[in-house]
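For reference, the structure is listed below as structure tokens.
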Amino acid sequence: MKRKLVVLLSAFLLLMILAACQSEEADGDRDEVTLELWNNLASGSTFFPKLIEEFEAENPDIKIELNNVNVESSDAEYQAAISDNSLPDMFITDAFSMNELVDLDLVHELNSVFPEEAQEEYTEGVFDEGNTRIGDNIYLFPIFKGGTYMMYYNKAVLDDLGIDTVPETWDELLAVGKEVYEKSDGNTEGLIFGGTSGWLVDAFVQLMATELSPESRMDYVNGEYSFNNEGNVETIEFLKEMLDEHALSQLTLETNSTVAREYFAVGRTAFLIDGNWTGQLLEDENEFSDWGVVQLPTKNPDGKQYGEFGVSSNDGMFVSNNTEHWDEVEKFLIFLRDNMYEELVNVGEATIAKEFDLVDGEAPFEQIEDIQDIFSTMSIQVPNPLAVNPEALDVQLEVLKNGPDSSPGEILMGYLTGQVSDLEGELEAYESAYNKAFDDALEAHESVTREVFQFPDWVPYEPYTEEDHQ
Amino acid sequence: MKNRTAMFMTHTLLIVFGIIWIYPFIWMISSSFKTNSTFLTSGINPLPENIHWDNYIRAWEVANFSGYFLNSVIITLSTVLIVITLSCLTGYALGRVKFPGRKVIITVVVALMFIPSGYTIIPLYELMKMLGLSDSLLGVILAESSGAHILFILLFAAFFSRVPQEVEDSAAIDGAGFFRTFAKIVLPTAKPVIATAAIMQFIWTWSSFLVPLVLTLNSPELRTLAVGMLSFVGRYQTDWTGMAAGASISLVPVILIFIVMQRYFIEGISGSVK
Amino acid sequence: MAKKIKSSNGISKYNRNKYIWAYIFILPQIIVFFGFSLYPIVMSYVYSFYDWSGIGPLTNFVGLKNYTRILTESSFWNAFGNTFVYTAGFTVVSISIALILALVLNNPNLKGRGIYRTVYFLPVVTTMAIIGIVMQNIFGTQGFFNEFLKAIGLIDQSISWLSNPVLAMILLIIIGSWKEIGITMIYWLTGLQMIPREVYEAAKIDGAGSWQTLRYITLPLLKPIGATILLLTVVSSMRVFDLVKTLTEGGPYFATETLELYIYRFAFAPDGPSQVGFASAAGVILGLTVFIISLILGWVVYKVSGQKRKPLGGGIK
């Protein structure tokens, strides 16, 4: 027994020593400054190391430590880091909004990194209130300018089956989907998308709905939420018809966006709906290049769709207010401002925040031009209540929090699996619950009135610029 | 004769069901030898066309599984050691000594078994930070060992309560004190219970996820295998076959431990309940 | 008089020595428990009374508002119902199959028992997250299982196991049971080994066949441990999370969303603000439900096993 005790004790001692060693290591060298950077961008693990290497070569006394955090777990990680004030010097997150971070005084302003002349090189609207700026201060280092969704097609599959129309309307998509299914004896199907990725379904259903109902989601003229509208109903009915006619793959119901993309790349379906970053993933992850990309199909041949332009927290980088090395951080940010976008284009990112034409990089695949084009047509500035009254954000957040659980995307999936039978009833219930949460939030915030959300002069599909806001 | 047929039938059924039972593992291991592109399309055939060791190399080197493996071993072994020591001592005291307040402690212990704990990860992190133990293996070990290990305590207590009083008495006549009686005479008979508790705690700690994740936030090099598995899952891509390789790697130690200790395992539970 | 005092003093000295040792033995566990477990548990209760997003100070005390909101949400009751369906299905399937396996593998004449036990125990030691992913592929529309059924001619159209609400729940129960049956089997084996050999011999002498022995001897004697197994199984299955998260994500259309998943959705909201206060309140409600159910079951266990023998750990008297 004594021997066992000795073993036990020495194990403990060993652990203590181990722990002690680790804490000493962390102190590091005094002459060298180490900056920490947490990244959750998929492509970031490719382009950041390159940029960091370059920067460190120019600045031998600054070291950048890159930590790629996983999206699945990043919320818990950030909550923990914030709760004890140990946020890394720089971080990219989608766990919290800029407003929340600013309210809690967690992030440092970046005004000196973006003087007027630097701002001019960026796409219009990037430095608008609520996008990267709150009041007079810029807090978010813009990397991307949001994103949009589009339809990819597998050229190899279409060639094999002797199909040469790339569908632009719903009718064409349905017809081609049926043709693919029949010609291949059911081995290949028409369309797929990652049905279990809620964010994806919500986003593209919303885009498709704006053709028939530009007021879908937010009715800017009347300042209220709209979900039970023709756009949503017709889009959902159409996708249901696609499924029933075998033009939309059954696999859609059980796959997420990653797996859906894999099925598409190996030729199990001819079409895929996914985000603007998908082209790059098809090339890098699936080693598949024989694809093309078009705008989401519309119901009418000349139909228009639009997506709301906006930079969100996962499109940029924050600097922690706790950083002890602001000067070095600033140096690194300026370096990034001047060099990063080129690298972004080099890895195939199409929706960079800087003007695409001003950036030198060369994309690894030619379809990036199409993606860029689709993005610029789809992404349109919409009226921004925050520009009228910054406190409108508190109302919006409260609506998000207290609003109903489901979403039009969820309702679509429920309708496809047959669990939702009364489509309009479900949408109506959703809409009224949403508007009730909105009414409650307005009531709770006396300084914000409904007028803040009303823009009678708004013209659908037209950009609503800073001048329009007066 | 009839018996033999029955036995034959039993074996056949057990083998057929056994194969179905472990088919997912066969599938997982075979996937770990495939490439990501053949992974989804290979359908019913579990055998890979070519053996690709790349996945293992990728998991071991690129995803740093070699480092994670060592962390997992250190954390799991230490946790098992601590938990068993604590619950064994507590179980002995509860099972053999009728000290004042014992009933209260037993009641509290049983009530705790069902105490619902909610969102504890952030306060746990704060606590470790206060003690200066976040971002160290010791912090993870202590957090994993925390909690009252009710099931183990009860197993030990039940086992020790069955040791005949004469054993203790004769030890006392030989001049052995309380601690020596425990350590020299009673403890060696508790091997099966120790083995049971060790296996179960090993399984839990080995696959524990959230605690090691959050407590090693700023030191990715301290992560465990279960946490490291996440590095195969990206926002827009998943390295399925790398993950299968990683999972196969992390499965080996647990299976070995079970095979070695399997014999004691059942004895351990029945020994204390008998 | 003096003599009496002396002797009682002697006994109490011996006892006192023992008591002190007992306290010393218990001390480390108490320190670890109060040091590391109590604070987080208490805090999780405190959060449930605040409107709190998980970061920053606790400032917005809302009393019972989180609770009243939960109890009026239909999605909460949906998750509540799903949890019960899962628990009921899981309990029935896993307990009964584990019992059959244990009966077979308890036969001392069966060769290779150790190997079989290891094989059937294997799923227990695997990480749930991995199992979810593997099963998703096996039971996918174009996965192994459908291809297999087609190959042997049982079906000619693939079945969507995961996108049909009823099938998805059934699948969840089957896979959950498959994962846990190994451990339940060990519990049953334990119970079987507790039955003295003489009982069987006596039955044999009385001319009882194997079915009669099972029906009138083995099963009744297994009742006490069976009750304990029931309790453990129910309590653990009400907290099912990892499997659901990786296999169905609560879908299709919330048909398999369990309470732990519901809580997770609010604590670590993938989009929109995290609502840790609200999630904590849901966690407390789940905890209380588990607590009440275990009290009821515990009472049943107590009744079934009789006052003489308490199950698992009931040896403490």
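The values are calculated or read from the model by the stated rules, or taken from the named source; none is laboratory data. Every value quoted in this text rests on a predicted model; they were computed, and no experiment measured them. Because the Cβ atoms are built from the backbone with ideal geometry, glycine has one as well, and the counts that use them run over all protein chains shown.
Among the conditions (1) outside any loop (DSSP other than H, G, I, E, B); (2) touching a residue at least 12 places away in the same chain (Cβ under 8 Å), residue A:159 misses just one, which is (2).
Considering (1) closer than 30 Å to residue A:194 by Cβ; (2) among the aliphatic types (A, V, I, L, M); (3) touching a residue at least 60 places away in the same chain (Cβ under 8 Å), the lone condition that residue B:230 does not fulfil carries the number (3). Screening residue A:438 with (1) over 29 Å from residue C:52 (Cα atoms); (2) touching a helix residue (DSSP H, G or I) at 6+ places or on another chain (Cβ under 8 Å); (3) of a type outside the set (Ser, Thr, Tyr) gives one miss only, at (1). In the set (1) facing chain C (nearest Cβ under 9 Å); (2) at pLDDT below 85, the condition left unmet by residue B:182 is number (2). Would you check which residues across the stretch A:77-99 are outside any loop (DSSP other than H, G, I, E, B), more than 7 Å from every other protein chain (Cβ to nearest Cβ) and either without any contact (Cβ under 8 Å) to a residue 24 or more places away in the chain or not hydrophobic (A, V, I, L, M, F, W, C) (or both) and list them? Scanning the stretch A:77-99 gives A:78, A:99.
Here is the figure for the stretch A:49-76: residues that are free of Cβ contacts under 8 Å to residues at least 12 places away in the same chain and surrounded by fewer than 21 Cβ atoms within 10 Å (Cβ to Cβ) total 6. Checked against (1) touching a Pro at 6+ places or on another chain (Cβ under 6 Å); (2) at pLDDT below 95; (3) among the hydroxyl-bearing types (Ser, Thr, Tyr), residue A:188 passes all but condition (1).
Among residues of the stretch B:234-248 being facing chain C (nearest Cβ under 9 Å) and modelled with pLDDT under 80, the one that is nearest to the chain's Cα centre (by Cα) is B:240. I'd like to check something: does the stretch B:167-179 contain any residue that is without any contact (Cβ under 8 Å) to a residue 24 or more places away in the chain, closer than 24 Å to residue C:18 by Cα and at the interface with another protein chain (Cβ under 7 Å from one of its Cβ atoms)? Within the stretch B:167-179, one or more residues are without any contact (Cβ under 8 Å) to a residue 24 or more places away in the chain, closer than 24 Å to residue C:18 by Cα and at the interface with another protein chain (Cβ under 7 Å from one of its Cβ atoms).
With the condition kept exactly as written, say whether any residue in the stretch C:148-158 is under 26 Å from the mean Cα position of the chain (by Cα) and either within 14 Å of chain A (Cβ to nearest Cβ) or of a type in the set (Gly, Ala, Ser) (or both). No. Is at least one residue of the stretch A:106-124 within 14 Å of another protein chain (Cβ to nearest Cβ), modelled with pLDDT of 90 or more and either surrounded by fewer than 20 Cβ atoms within 10 Å (Cβ to Cβ) or not in a loop (DSSP other than H, G, I, E, B) (or both)? Yes, the conditions are met somewhere in the stretch A:106-124. Among the criteria (1) modelled with pLDDT of 90 or more; (2) at negative phi, the one residue A:461 does not fulfil is (2).
Regarding the stretch B:252-272, can at least one residue be identified that is at pLDDT below 85, surrounded by fewer than 20 Cβ atoms within 10 Å (Cβ to Cβ), within 12 Å of chain C (Cβ to nearest Cβ) and not in a helix (DSSP H, G or I)?
Within the stretch B:252-272, none of the residues are at pLDDT below 85, surrounded by fewer than 20 Cβ atoms within 10 Å (Cβ to Cβ), within 12 Å of chain C (Cβ to nearest Cβ) and not in a helix (DSSP H, G or I).
Residue check: residue C:128 meets all listed conditions (1) out of contact with any Asp or Glu (no Cβ under 6 Å at 6 or more places or on another chain); (2) within 14 Å of chain B (Cβ to nearest Cβ) but one, namely (1).
Within the stretch C:111-123, restricting attention to residues that are more than 7 Å from chain B (Cβ to nearest Cβ) and outside any loop (DSSP other than H, G, I, E, B), the residue that is nearest to residue B:206 (Cα to Cα) is C:123.
Let's see how each residue does on (1) modelled with pLDDT under 80; (2) surrounded by fewer than 22 Cβ atoms within 10 Å (Cβ to Cβ); (3) assigned to a helix (DSSP H, G or I):
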{"residue": "B:126", "(1), (2), (3)": "yes, yes, yes"}
{"residue": "B:140", "(1), (2), (3)": "no, no, yes"}
{"residue": "B:143", "(1), (2), (3)": "no, no, yes"}
{"residue": "B:152", "(1), (2), (3)": "no, no, yes"}
{"residue": "B:163", "(1), (2), (3)": "no, yes, no"}
{"residue": "B:169", "(1), (2), (3)": "no, yes, yes"}
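Scanning the stretch A:331-360 for residues that are more than 21 Å from the chain's Cα centre (by Cα), under 25 Å from residue A:378 (Cβ atoms) and either part of a helix (DSSP H, G or I) or not assigned by TED's automatic domain parsing to the domain that holds residue A:118 (or both) yields A:357, A:358. In summary, residue A:305 fulfils each of the numbered conditions (1) in a helix (DSSP H, G or I); (2) within 28 Å of residue A:194 (Cβ to Cβ) with the single exception of condition (1). Looking across the stretch A:248-270, the residues that are within 23 Å of residue A:160 (Cα to Cα) and more than 9 Å from chain C (Cβ to nearest Cβ) come down to A:248, A:260, A:261, A:262, A:264, A:265, A:266, A:267, A:269, A:270.
When the stretch A:25-48 is filtered for residues that are surrounded by fewer than 16 Cβ atoms within 10 Å (Cβ to Cβ) and modelled with pLDDT of 85 or more, the ones remaining, listed by number, are A:32, A:34. Condition first: of a type outside the set (Lys, Arg) and over 17 Å from residue A:299 (Cβ atoms). Now tell me which residues in the stretch A:167-189 satisfy that. If the condition is that a residue be of a type outside the set (Lys, Arg) and over 17 Å from residue A:299 (Cβ atoms), then A:179, A:180, A:181, A:182, A:184, A:185, A:186, A:187, A:188, A:189 are the ones that fit.
I'd like to know if the stretch C:239-252 contains one or more residues that are over 23 Å from residue C:162 (Cα atoms) and either assigned to a helix (DSSP H, G or I) or at pLDDT 85 or above (or both). Checking the stretch C:239-252: not a single residue is over 23 Å from residue C:162 (Cα atoms) and either assigned to a helix (DSSP H, G or I) or at pLDDT 85 or above (or both). Only one entry in A:426, A:328, A:410, A:398 is buried (at least 18 other Cβ atoms within 10 Å of the Cβ), in the same structural domain as residue A:304 (by TED's automatic domain parsing), over 30 Å from residue A:293 (Cα atoms) and at pLDDT 90 or above, namely A:426.
I want to confirm something. Restricting to the stretch C:253-272 and keeping residues that are of a type in the set (Asp, Glu) and in a loop (DSSP other than H, G, I, E, B), which single residue is modelled with the highest pLDDT? Of everything passing the filter in the stretch C:253-272, C:257 is modelled with the highest pLDDT. Among residues that are more than 11 Å from chain B (Cβ to nearest Cβ), touching an Asp or Glu at 6+ places or on another chain (Cβ under 8 Å) and over 17 Å from residue C:77 (Cα atoms), residue C:248 is not included.
Tell me which residues, restricted to the stretch A:398-456, are part of a helix (DSSP H, G or I) and polar (S, T, N, Q). Listed by number, the residues that qualify are A:402, A:432, A:435. Filtered by the rule that a residue be at pLDDT below 90 and surrounded by 13 or more Cβ atoms within 10 Å (Cβ to Cβ), the stretch B:1-20 gives B:7, B:10.
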